[in-house]
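Participant: Can you keep this structure in mind? I'll have questions shortly.
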Amino acid sequence: MINLKINNIPVSVEEGTTILQAAKKIGIRIPTLCYMKEINAIGACRVCVVEVKGARSLVAACVYPVNEGMEVFTDTPKVRESRKTTIELILSDHNKSCLSCDRNTHCELQDLAYEYGCNAVKYEGEHHECEKDFSTPYLVRDNSKCVLCRRCIAVCRKIQEVGVIGPIKRGFKTIVGCAFESELNDSPCVACGQCINVCPTGALHEREEIDEVRAAIADPEKIVIAGPAPSVRAGLGEEFGYPMGTNVEGKMVTALRMLGFDKIFDVNFTADLTIMEEAHELIERVKNGGALPMFTSCSPGWVRYLEYYYPELIPNVSSCKSPQQMFGAICKTYYAEKMGIDPSKIFVVSIMPCTAKKFEKTRGNQNASGYPDIDAVLTTRELAKMIKQNGILFNEIPEGEMDQPLGVYTGAGVIFGATGGVMEAALRTAAETITGQTLDNVEYKKVRGTKGIKEATYEVGGLKLKVAVASGIANAKKVCEKVASGKSDHTFIEIMCCPGGCVNGGGQPIMSSVVRENVDYKALRASALYKADKKAEYRKSHDNPVIKELYENYLGEPGSHKAHEILHTTYVARERYKK
Amino acid sequence: MANQTKVPFTGTKAQEEKLLKVLKGLKNVEGALMPALQQAQDIYGYLPIEVQEIIADKLDLSLAEVYGVATFYSQFTLTPKGKYKIGVCLGTACYVKGSGEVFEELQKQLGIESGITSDLLYSLDATRCIGCCGLAPVMTINDDVYGKLTKDQIAGILAKYKE
């Protein structure tokens, strides 16, 4: 153990601990800007500087390791003055249109400026020359608000291992962007949006579709259907002050109704439908010698990664559309026919914890009714924004219930939002399909938890199923390498693009670096889903009464010709860089 | 004034083979990117996207990472150099002695802001101090050094480099 004093308070910590961590141990928060736990610790922004007795200059607490006998001072006038100047210099080249900024009141730079009583216009100097990047359907980069903290670069390079952005040039001319300063849409970005989640300012945000949704709601000709994904109910509450991990499904339904949506259905329902098709496809592949292992296809960021980086593995991906796309497809075919509505009049809005879903809706071969399956995608954050804009007092409204028939779901559908959830849901159905029996155990605990890669082997009716679950692209890459080199003996592999799964998707409420430092957010958000599963009336997708009805009256069997036409799709190999 | 001339990539098979050999030797070497870029620039004379893509691919790095390093260090160039590489020192001593005017005159005469002329004969760069401040303002054309320059000498000097 290393013994030191921070602000004259003795503290003992393990060797290798940083001053920042040691200070936290005795209840002292040192302010940070570029630092983020597990993502970025580079000592670049100089906001976390502290005085160390005997040291030549101030040191960056986020990277400076403690030494025996060290004496640290975190709040001397010299330290405070240095931090204040640093923040004022950052502000001198910052687009200070804070009043209308997407991140107003939850911006880490704004918080620091306030905390240090900064004069935002103290230094009026040159400004970066930069244009907004609007090239993709899912993300906007506005470098006029970038503070060069490099968190986005770190998450893209280290956590997702795609590294499509980096620092370009040097000194004052430094900007964050793609190779050869190409637009993001011309790079092999997987659209995960993790960069948005780690950005301390408003330099990155999703491509909003609120205006399109409002226009559809205002159009009396349109029947506007809302479909929230599992993880939305596990994250939305955070925007309204609920503790992390609170399931706000009921209030969310009421809020959607108050916003003017005509029908509130549930993407959980089509998560169940995905399981019906995917479990069937898996069994078919095993029986008939199809490409194995089979990969899940629910996560559009993952699918995009595969298309760019491992196109040779495309035959291994399930041909099932994602729950979002199945949702739109069923609304505009089965539901439209059942209700006698012209599908051109239906406007389907999915609400997603995800930015890649905004890309997914633009994919080819996703228009079962002849019209796009999905018309607009809102992130959890955009939904929260609309609720606030409409003056809906989320905390005070009563809980509502989903509309029938497409609002009925099982516990298997709801756990889709957590890493391992799709696998567990599929195993519940596959096991009963293979054995032809009703099994008591529905919980597959080895595939639960927030670990990056999980493996398990299950015996199902004499069939040995070796499965793997990976979340985060760095982990997906490891699994892909194994499969590509022929070293995988797995039958079924679930991959989710974002670490921890959709609950931690790029469209979920932003957590500051302080929250990330102190909270096990992946597990907490997932726990809301597992609790919902536990108390669900039905816990297996094939027990969903509406799913049964859908097959009986419309689709026939899982994997039928009709099911294929409506619920399955194709993939394309993508060139990483456009010449 | 014309913008930077876009020069089509004219790398040869022999150059590529040479580069691949270099990269093979650097595989799994820590910090391989700098020597890779240096040697690639020796082979091609500059670092176009085609070359950076090969480096990224073979060293298992993202293109953005390669590009970031290539644009960080002034020793690397992303545009090819002309047959005559003109460098004008804009370091402190040269600058106060009027090298800015010399640079502007060159820009005017060559019709480019920087980079390479469309006939690929000249390339123009602003450089830092080249270590002969006594001769300020200074410019170099390949290995020839011209000192104590005034802007009306430029046309005459360029006339010597026409072939």
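The values are calculated or read from the model by the stated rules, or taken from the named source; none is laboratory data. These numbers were taken from a predicted model, which means no experiment stands behind them. Cβ placement follows ideal geometry from the backbone for every residue including glycine, while neighbour counts extend to all protein chains displayed. These area figures cover heavy atoms from the full protein model, side chains too; ligands, DNA and RNA do not enter into them. Shrake-Rupley method; radii C 1.70, N 1.55, O 1.52, S 1.80 Å.
Participant: Treating only the Cβ atoms of Lys and Arg (+1) and Asp and Glu (-1) as charged, compute the dipole magnitude of the stretch A:86-245 about its Cα centre; round to the nearest 20 debye.
Facilitator: Working: 17 positive and 25 negative charges, 115 e Å.
For the stretch A:86-245, the charge dipole is close to 560 debye.
Participant: For the stretch B:84-159, what is the accessible area per residue in Å², given a 1.4 Å probe and the full set of protein chains?
Facilitator: The answer is 50 Å² per residue.
Participant: Let me ask something else about it. Taking a 28 Å limit on the Cα-Cα distance, which of the listed pairs A:Lys478/A:Lys548; B:Lys85/B:Lys108; A:Lys454/A:Lys535 fall beyond it?
Facilitator: In this structure, A:Lys478/A:Lys548 lie more than 28 Å apart at Cα.
Participant: With the contact rule set at Cα under 8 Å and sequence spacing of 6 or more, what percent relative contact order holds for the stretch A:2-75?
Facilitator: It rounds to 42 percent for the stretch A:2-75.
Participant: Using per-residue counts of other Cβ atoms within 10 Å, averaged over each peptide, order A:383-391, B:32-40 from highest down.
Facilitator: Highest-to-lowest ranking by the protection proxy: B:32-40, A:383-391.
Participant: So if I take the alpha carbon set of the stretch A:86-230, get Rg, then get Rh from the Kirkwood formula, what is the Rg over Rh ratio?
Facilitator: 1.03
Participant: Packing-wise, with mean Cβ within 10 Å as the measure, how do A:485-497, A:183-195 rank, highest first?
Facilitator: Going by the mean number of other Cβ atoms within 10 Å, highest first, we get A:183-195, A:485-497.
Participant: Chain pair B, A: how much accessible area is buried, both chains summed, with a 1.4 Å probe, in Å² to 100? Walk me through the numbers on the way to the answer.
Facilitator: On the way: alone 9570 and 23290 Å², together 31550 Å².
Looking at B and A, the buried total is near 1300 Å².
Participant: Next up: If you restrict to DSSP beta bridges whose two residues both lie in chain A, what percentage is antiparallel, to the nearest 5?
Facilitator: In chain A, DSSP labels about 55 percent of beta bridges as antiparallel.
Participant: Shifting gears a bit: Between A:Ser350, A:Ile415, A:Met496, whose Cα lies farthest towards the positive end of the dipole of the stretch A:221-567 when Lys and Arg beta carbons carry +1 and Asp and Glu beta carbons carry -1, centred on the Cα centre?
Facilitator: A:Met496
Participant: In Å, what is the Rg of the alpha-carbon atoms in the stretch B:13-72, and how long is Dmax?
Facilitator: When restricted to the Cα atoms of the stretch B:13-72, Rg and Dmax are 10.1, 28 Å.
Participant: Take every residue in peptide B:43-49, count the Cβ atoms of other chains within 10 Å of its Cβ, and give the average of those counts.
Facilitator: Numbers: counts 0, 0, 0, 0, 0, 1, 5.
The shielding value for this peptide is 1.
Participant: Something else: Placing +1 at every Lys and Arg Cβ and -1 at every Asp and Glu Cβ, with all other atoms neutral, what dipole size does the stretch A:302-393 have around its Cα centre, in debye to the nearest 20?
Facilitator: Here the size comes out at about 340 debye.
Participant: Okay, next question. What percent of all Cα-Cα pairs in the protein assembly as shown falls into each 20 Å bin, going from 0 up to the bin containing the maximum distance?
Facilitator: 15, 42, 31, 11, 1
Participant: With +1 assigned to the C-beta of every Lys and Arg and -1 to the C-beta of every Asp and Glu, and no other charges, what is the dipole magnitude of the protein assembly as shown about the Cα centre in debye, to the nearest 20?
Facilitator: About 1720 debye.
Participant: Could you work out the pair-distance distribution P(r) of the stretch A:193-316 from its alpha-carbon pairs, with 5 angstrom bin width and percents rounded to whole numbers?
Facilitator: Calculated P(r), rounded to whole percents: 2, 8, 11, 14, 16, 16, 13, 10, 7, 2, 0.
Participant: Evaluate peptide A:150-162: per residue, the Cβ atoms of other protein chains within 10 Å of its Cβ; return the mean as an integer.
Facilitator: 1
Participant: Roughly speaking, what is the centre-to-centre gap between the stretch A:382-417 and the stretch A:7-38 when only Cα atoms are used, to the nearest Å?
Facilitator: Taking the Cα centre of each part, the stretch A:382-417 and the stretch A:7-38 sit 40 Å apart.
Participant: Within the stretch B:98-117, find all residues whose amide N lies under 17 Å from a label point positioned 7 Å from the Cα of B:Ala126 along Cα-to-beta-carbon.
Facilitator: B:98-116
Participant: Using a loss threshold of 30 Å², tell me which positions in the stretch B:57-83 are less accessible in the complex than in their chain alone. Probe radius 1.4 Å, ligands and nucleic acids ignored.
Facilitator: B:Ser62, B:Leu63, B:Ala64, B:Glu65, B:Tyr67, B:Thr71, B:Phe72
Participant: If you don't mind, there's one more thing I want to ask. Which one of B:Leu106, A:Ala291, B:Gln75 has its Cα pushed farthest toward the positive end of the charge dipole of the protein assembly as shown, where Lys and Arg give +1 and Asp and Glu give -1 at the Cβ?
Facilitator: Working it through, the farthest residue towards the positive pole turns out to be B:Gln75.
Participant: If you wrap a convex hull around the Cα atoms of the stretch A:2-75, how much volume per residue is inside, in Å³?
Facilitator: Measuring per residue, one finds 82 Å³ for the Cα hull of the stretch A:2-75.
Participant: Sticking with this structure for a sec: Checking the cross-link filter: which lysines have an alpha carbon closer than 30 Å to that of A:Lys53, excluding same-chain neighbours under 8 positions apart?
Facilitator: Straight-distance partners of A:Lys53: A:Lys5, A:Lys24, A:Lys25, A:Lys37, A:Lys78, A:Lys84.
Participant: Still on this structure, please answer the following. With point charges of +1 on the Cβ of Lys and Arg and -1 on the Cβ of Asp and Glu, referenced to the Cα centre of the protein assembly as shown, which listed residue (A:Val442, A:Pro545, B:Thr140) lies farthest in the positive direction of the dipole?
Facilitator: Positive-end residue among those listed: B:Thr140.
Participant: Using only the alpha-carbon atoms of the stretch A:321-366, report the extent along each of the three principal axes, biggest first, to the nearest angstrom.
Facilitator: That works out to 33, 21, 16 Å along the principal axes.
Participant: I'd like the projected area of the stretch B:52-160, averaged over all directions, using the convex hull of its alpha carbons. Report it in nm² with one decimal.
Facilitator: Over all viewing directions, the stretch B:52-160 projects a mean Cα-hull area of 7.8 nm².
Participant: What does the highest-first list of A:328-337, B:83-92, A:150-159 look like by mean Cβ count within 10 Å?
Facilitator: Listed from highest to lowest mean packing, they are A:328-337, A:150-159, B:83-92.
Participant: Net charge around B:Leu121, counting only other residues with Cβ within less than 12 Å of its Cβ (Lys, Arg = +1; Asp, Glu = -1)?
Facilitator: For residues surrounding B:Leu121, the net value is +2.
Participant: Now for a separate question. Rounded to the nearest 500, what is the protein assembly as shown's calculated 222 nm mean residue ellipticity when only DSSP H runs of at least 4 contribute -39500 (n - 2.57) each, over all residues?
Facilitator: -10000 deg cm²/dmol
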